[in-house]
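Worksheet: the structure to be examined is printed underneath.
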Amino acid sequence: MHTTEPVVLDHDPAALDVLWRALEPESPESTVSIRAVMLASIDGTTTVDGRSGGLGTPTDRLVYDAMRARADVILVGSGTALAEGYGPARTSEVWSGRRDRPAPPVIVLTRSLPDRLIEHCAKAGAGVQIAAAAHTPPERIEAARAAGVTVHVMRGGDYAESVRALLTDLGVTAVTFEGGPRLLGDFLTARLVDELVLSVAPEIIVGGRGPGLVIGAEEKRIPMRVAAAFSCPRGGLYTRWVVGDERPPGGAREGDDTGAGAEHSHDGPSGMNG
Ligand SMILES: NC(=O)c1ccc[n+]([C@@H]2O[C@H](COP(=O)([O-])OP(=O)(O)OC[C@H]3O[C@@H](n4cnc5c(N)ncnc54)[C@H](OP(=O)(O)O)[C@@H]3O)[C@@H](O)[C@H]2O)c1
């Protein structure tokens, strides 16, 4: 069993380095890597009172901001952009020394391009753009553009190919995908997600009203492998999972002496203070 004493971040800034490195993608930088970032309570609930913020901890914020600081682009579903009131991304002060370019654009995925979304993105400014599905009615696209919103129109056909084509056209490789649960279900089903960075808030919501981590019409099992895991004194768990990577039955990987796939060493810092 892998256990470590959590390190209090305020007293050990080296913990920031450990966290940053733990969020390094496994795939080479030159290839497109789509990494979902989600926050859930232990029972899998993703919102309290309709928003994810109620579940947040300072460490989750660090993880979220680090994933934004690493990204070339942020993708998000229209449901989330509206529910959470998405504005343009900003690089947090904590991570600003590790990013030498402007914050990434936020691109909101939509099929119907409702008026509410147009108004929202127009107000948010150039940092929040739209990617409309190929079959989005052209008059909706015209309305958004007339309101000053940048609209990328995705290609038709296979969903995964249309998302990948969008990313190729944008010339991006590091993609942070911020959900929500419905689009995450579509992305996972389409094999678009390479990694999941999941913060588990230190609480259980009995009778929660929010959606679970992932929503889909059909049951589909997706193998995952834990690549990094942190805790913090306040009790949250911060994890990075690689998608679609099955372990050999009953066996550890070569060179894996923890048996748990955890990335950090027994003597390195492993915790945060939030
Ligand atoms: N805890 C967390 O980490 C977390 C993260 C994210 C969100 N959330 C919560 O989850 C809720 C929102 O999530 P949600 O699952 O309802 O919505 P969502 O996944 O964010 O967005 C769904 C929307 O995405 C668009 N979409 C779906 N398929 C598409 C496709 N093939 N091409 C282009 N666009 C497509 C559609 O937009 P149109 O309807 O515009 O066509 C659809 O309604 C909110 O309460 C939010 O707070 C929690």
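Read the figures in this text as sums done on the coordinates, not as results from a lab. From a predicted model like this one, the values you see are computed outputs, not experimental measurements. Methodologically, a virtual Cβ is constructed for each residue, glycine included, from the backbone with ideal geometry; neighbour enumeration extends over all protein chains shown.
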Quiz item: Ranking Glu84, Glu24 by Cβ neighbours within 10 Å, fewest first, what do you get?
Solution: Glu24, Glu84
Quiz item: Across region 50-195, how large is the tail of the calculated P(r) beyond 27 Å, expressed as a percent of all Cα pairs?
Solution: 19 percent
Quiz item: Ordered by residue, what ³J(HN,Hα) values in Hz, to whole numbers, does region 96-104 give under the Karplus form 6.51 cos²θ - 1.76 cosθ + 1.60, where θ = phi - 60° and Gly and Pro are x?
Solution: 4, x, 9, 10, 10, 9, x, 4, x
Practice problem: Hey, can you grab everything whose amide H is under 5 Å from the amide H of Ala131? Only 5+ residues off in sequence or another chain; H modelled, so Pro and N-termini drop out. | Solution: Val108, Leu109, Thr110, His152
Self-check item: Hz values of 3J(HN,Hα) by residue in region 13-22 - Karplus curve (6.51, -1.76, 1.60), Gly and Pro given as x
Solution: x, 4, 4, 4, 4, 5, 5, 4, 5, 5
Practice problem: Pull up all non-local amide H partners of Leu75: gap of 5 or more, or a different chain, and H-to-H distance under 5 Å with H placed in the peptide plane. | Solution: Ile107, Thr176, Phe177, Glu178
Quiz prompt | Integer Hz, Karplus 6.51/-1.76/1.60 couplings in order for region 193-200, x for Gly and Pro | solution = 9, 8, 9, 10, 9, 10, 9, 9
Quiz prompt | Distant-in-sequence amide H partners of Ala89 (H built 1.01 Å from N, under 5 Å) | solution = Val106
